[in-house]
Amino acid sequence: MTSLSEVVRGSWDKGLNAMKYAVSKGTFLVKLQWRTASDFLGSMMVRNWDKVPGGYATTIDPVALPEVLRIYHDFCDVASDGFFDRYSRIFRQVFYVAKFNAEIVGYSTYYVKPSLTLCGLRKRAVLYSMAVDAEHRRQGIGKHLLTVSILEMQINGIDEIVLYVSKKNIPALSLYTKLGFVAIGELPDICKEGESCYEMRLGLPAALA
């Protein structure tokens, strides 16, 4: 026969678990709403985006997205498509693809994140993902994508670019460092679960008029 203390303990555990679930659900919803609001404000900031002419980097179109996802899956070996579809629509101006003879050979995609500081509103671009097709690596494609996007960020008033890169990805670390990115810390489980990443930043001076 179940004792009164066991009944009380069981009820307490159920209530505590229900409370934890409610708090977790509420926290998730708040984060989701904040992310939606932040993405909306960021998308407004790139609406009248000035492009850099020339080169073989261009912005994404719906036809290119499946090929971008193929490169992403080959490079990252993951099943989820993340925010690719969303960013290809609301951050299309800062979703770059590299094309050779109409073939997609690489991409880099960003989202813009506004933040309030003591100095006013700052516009921060975050490199969400970048990869080059396996058959076209070591040809300067990644560097070209970054060079074009960094220049466009600067002339469009972005204050800094942030990215996260695995400590094991030596080629990417070398490229980012050569382009001026500086590691400011380490974070676990950002790039991949169980893997440490560097957070790197590149401050952008205001472009000359």
Handout entry: Every residue from region 72-96 that is at pLDDT below 90 and aromatic (Phe, Trp, Tyr)
Key = PHE75, PHE83
Fill in the blank from the handout: Going through region 33-73 in order, the residues found to be outside the structural domain of HIS136 (by TED's automatic domain parsing) and more than 24 Å from ILE150 (Cβ to Cβ) are GLN33, TRP34, ARG35, THR36, ALA37, PHE40
Completion exercise
How many residues of region 83-106 are under 14 Å from the mean Cα position of the chain (by Cα), part of a strand (DSSP E or B) and of a type in the set (D, E, K, R)? The answer is 0
Exercise for the section: Taking LEU116 as the residue in question, decide whether it is of a type outside the set (Gly, Ala, Ser), in contact with a Pro (Cβ under 7 Å, 6 or more places away or on another chain) and modelled with pLDDT under 90. Expected result: no
Handout entry: Members of region 167-195 that are under 15 Å from the mean Cα position of the chain (by Cα) and over 25 Å from SER115 (Cβ atoms)
Key = LYS192
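Residue by residue, here is whether (1) on the phi > 0 side of the Ramachandran plot; (2) buried (at least 17 other Cβ atoms within 10 Å of the Cβ); (3) outside the structural domain of GLY82 (by TED's automatic domain parsing); (4) in contact (Cβ under 8 Å) with a residue 40 or more places away in the chain holds:
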| residue | (1), (2), (3), (4) |
| --- | --- |
| LYS99 | no, no, no, yes |
| ALA125 | no, yes, no, no |
| ARG138 | yes, no, no, no |
| LYS143 | no, no, no, no |
| ASN169 | no, no, no, no |
| SER174 | no, no, no, no |
| GLY180 | yes, no, no, no |
| GLU195 | no, no, no, no |
| TYR198 | no, yes, no, no |
Practice task
Determine the pairs where a residue that is assigned to a loop (DSSP other than H, G, I, E, B), located within region 65-82, has a partner that is polar (S, T, N, Q) with Cβ atoms under 9 Å apart, the partner being 6 or more residues away or on another chain.
Solution key: GLY82/SER129
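The values are calculated or read from the model by the stated rules, or taken from the named source; none is laboratory data. The structure displayed is predicted, hence computed values, not measured ones. So basically every Cβ, Gly included, is an ideal-geometry build from the backbone, and we count neighbours across all protein chains shown.
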